[in-house]
Amino acid sequence: MLGTKESGSSRHPGRTAQIVLIPTLLVSGLVGTWIAASDGWLRAVAPSHAYGLLAFAILDFMLAVAIIEIPKFAYAGALLVSIAQVAAMAGDALTFTPTGTLQAAFRAYLLGDMAFLALLGIQLAVAGMTATAIAMPRGRHRVHFGQPKPLKSLR
């Protein structure tokens, strides 16, 4: 077992984060792939955005696998990727104007698309879960509310 791999103990909060985060990232990757593959209008008016969405989906799949072997790195990566994706999606909805389309029409299209909203919600959840997993104390740094250990003598 690798030194960075977290314990399988049910008492270990990192294991719970893995159990929840891995399927969430896989679902995010599937939803992103589905949107990029099925949204012909998005591909027609903003192909670079469709390719960007596909890149985010691939990163989600890669991070889901990475969490198994290198969770600390993968949590940080997932947090950064989810924040970047939320920023990109919000930027699209609030400011992006495809050629030949009014920005308000594009915004209404995106905000009326349940898959877009679901993916945005999933990414917000991933950001929250990974931030929590990163902030959780691990190992001997965990907070204990029992009797303190006696100090060792310097003699």
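Overview of values
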{"quantity": "Contacts under 7 angstrom Cβ, first residue in the range 104-119 being more than 13 Å from ALA90 (Cα to Cα), partner surrounded by fewer than 17 Cβ atoms within 10 Å (Cβ to Cβ), 6 or more apart", "calculated": "ALA115/TRP34"}
{"quantity": "Every residue from the range 56-78 that is surrounded by fewer than 20 Cβ atoms within 10 Å (Cβ to Cβ) and either free of Cβ contacts under 8 Å to residues at least 24 places away in the same chain or not charged (D, E, K, R) (or both)", "calculated": "ILE58, PHE61, MET62, VAL65, ALA66, ILE68, ILE70, PHE73, ALA76, GLY77"}
{"quantity": "Residue ID - modelled with the highest pLDDT, chosen from residues in the range 120-155 that are open to solvent by 90 Å² or more (accessible area, probe 1.4 Å) and assigned to a helix (DSSP H, G or I)", "calculated": "LEU124"}
{"quantity": "Search result, residues across the range 24-55 that are under 19 Å from LEU79 (Cβ atoms), touching a residue at least 40 places away in the same chain (Cβ under 8 Å) and open to solvent by 40 Å² or more (accessible area, probe 1.4 Å)", "calculated": "VAL27"}
{"quantity": "Condition broken by ARG107, with the remaining ones in (1) under 21 Å from THR132 (Cβ atoms); (2) open to solvent by 30 Å² or more (accessible area, probe 1.4 Å); (3) among the charged types (D, E, K, R) satisfied", "calculated": "(1)"}
{"quantity": "Scope the range 85-101; condition without any contact (Cβ under 8 Å) to a residue 12 or more places away in the chain and over 15 Å from PHE116 (Cβ atoms); matching residues", "calculated": "THR95, THR97"}
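The values are calculated or read from the model by the stated rules, or taken from the named source; none is laboratory data. From a predicted model like this one, the values you see are computed outputs, not experimental measurements. With ideal geometry, Cβ positions are generated from the backbone for all residues, glycine too; neighbour counts draw on all protein chains shown. The area values use the complete protein model at the heavy-atom level, side chains included, leaving out ligands, DNA and RNA. Shrake-Rupley method; radii C 1.70, N 1.55, O 1.52, S 1.80 Å.
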